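Read through the structure below, which is laid out as structure tokens, and then see the notes.
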Amino acid sequence: MADDKSTLRWILIGVFTTLAISLASAVLTYAFLANKADTGTQKVIEPRPELGQLEHMGDFLVNLADVEETHYLRTEIDLEQNYGSSPEFGNEIGNRKAQLRDIIISTLSSKSSEDLRTPEGKEALKEELKERINSVLAKGQIARVYFTEFAIQ
């Protein structure tokens with residue numbers, strides 16, 4: 001009988017030891033995997049460039065260069081100065097507003113509706129406007145052109 005109690009005691013000790021090791025292993029595995037998953041999903045936030053001063057150029061309604069049918073473009077355009085531009089640059093844009101509007105109108109009216117229907121066409125137009133406007137400015141540069149409204153009819 002003493003041998004049976006001793007054997008039972010050793011079996012119970014073995015079972016509890018196995019359970020304790022299994023539980024400790026599970027907790028450590030969970031902690032390791034949870035920590036590893038957290039580090040992989042962390043986002044790195046990069047600072048965005050500052051916006052420059054926005055200059056509203058107004059509304060534009062132009063005939064497009066379509067041959068077979070008459071199409072109109074109605075748009076509203078804002079120009080963003082390079083960040084940190086001097087206040088004199090804002091004055092230059094104000095003083096040259098008629099010249100800049102003329103550049104915008106002539107550029108817009110040289111395009112066909114097919115040129116402007118795709119996102120790529122709109123981006124190409126923005127780049128062309130930026131280049132043509134920057135070519136006449138002396139005290140700074142335009143960073144971006146924004147269409148705040150854009151409708152072809």
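The values are calculated or read from the model by the stated rules, or taken from the named source; none is laboratory data. Note that the structure is predicted; figures quoted are calculated from it, not measured. No Cβ is skipped: glycine too gets one built from the backbone with ideal geometry, and neighbour counts run over all protein chains shown.
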*Those residues that are surrounded by fewer than 14 Cβ atoms within 10 Å (Cβ to Cβ), within 18 Å of residue 144 (Cα to Cα) and at pLDDT below 95, I need them from region 59-90; list them, please.*
83, 84, 86, 87
*Going by the conditions given, is residue 117 loosely packed, with under 15 Cβ neighbours inside 10 Å and at pLDDT 95 or above?*
no
